[in-house]
Every structure is written in C-alpha cells, then in structure tokens.
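Just below is one structure, and these are the notes that go with it.
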Amino acid sequence: MELSTIGWNQEARDKILLDADRALQEAVREAAETMDGKTRDEVYEFLFEKLKPQFVDFKPGPDLSECADAVANGEVSLGN
C-alpha cells in the first residue's frame with residue numbers, strides 16, 4: 001500500500017464534511033443570537049475563536065468572512 005493512496009472512504013468524507021458544516025452552523029447561530037449590533041470584525045473574531053479548537057490546522061477562508069458579514073448585517077435566518 002502506497003502512502004499516497006491512503007485516505008478516507010467517501011462515506012467518511014461525507015461525514016467529516018457534514019460535521020464541519022454543523023460546527024459552522026452552530027457557531028453562526030450563536031453569533032446571530034448573541035452579537036446583535038457588533039461589527040463584522042467582532043463577529044469574525046467570535047466565529048474564528050469558536051471554530052479554531054474544533055479543527056486541526058484551522059485556516060478560515062472566504063466562507064467565514066461571508067458568515068461574519070451576514071451576522072453583522074442581520075441577514076441570518078435562524079429558522080429550521
């Protein structure tokens with residue numbers, strides 16, 4: 001077995017992505033519920049600090065910025 005061929009099967013990949021999506025959704029939900037009137041940068045920092053310990057080698061991308069903008073602008077719908 002070559003090291004380069006070792007990886008997660010599709011079912012595991014799907015589960016990892018689903019768990020990551022849920023972590024982001026919960027962080028955004030908490031921010032939307034508790035950070036009314038905060039700036040985009042304050043929301044971004046909150047989300048970053050909330051998510052960082054949940055992931056190995058966490059490096060946020062544009063998705064986190066979009067979420068911070070949405071929370072700061074009051075554009076997050078908390079309905080299920």
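Scanning the chain for GluC sites (Glu not before Pro) lying in DSSP loops with no more than 11 further Cβ atoms inside 10 Å, the longest uninterrupted stretch between such sites is 3-74. Using R0 = 25 Å, the C-beta based FRET efficiency linking D63 and M1 works out to 0.15.
Restricting the chain to chymotrypsin sites (Phe, Trp or Tyr not before Pro) that sit in a DSSP loop and have at most 13 other Cβ atoms within 10 Å of their own Cβ leaves W8, F55, F58. Given their separation in residues at 0.36 nm each and the Cα-Cα distance between them, K15 and Q54 gain 12.5 nm when the chain is fully extended. Quick one: net charge around K50, please, counting Lys, Arg +1 and Asp, Glu -1 for every other residue with C-beta under 12 Å from its C-beta. Residues close to K50 contribute a combined charge of -2. Computed with a 1.4 Å probe over protein heavy atoms only, the accessible surface of the chain comes to 78 Å² per residue. Amide H to amide H, with H built 1.01 Å from N, M35 comes under 5 Å of no residue 5 or more places away or on another chain. Each Lys or Arg adds one and each Asp or Glu subtracts one; over the other residues with Cβ under 12 Å from the Cβ of D63, this totals -2. The share of accessible area on the chain that comes from carbon and sulfur is 50 percent, using a 1.4 angstrom probe. Normalised by the number of residues in the chain, the mean separation of alpha-carbon contacts (under 8 Å, six or more apart) gives a relative contact order of 34 percent.
The values are calculated or read from the model by the stated rules, or taken from the named source; none is laboratory data. Predicted model only: the values in this text are computed from it and were never measured. In this analysis, Cβ positions are derived from the backbone assuming ideal geometry, glycine residues included, and neighbour counts consider all displayed protein chains. Heads up: the accessible areas ignore ligands, DNA and RNA and are worked out on the full protein's heavy atoms, side chains in. Shrake-Rupley method; radii C 1.70, N 1.55, O 1.52, S 1.80 Å.
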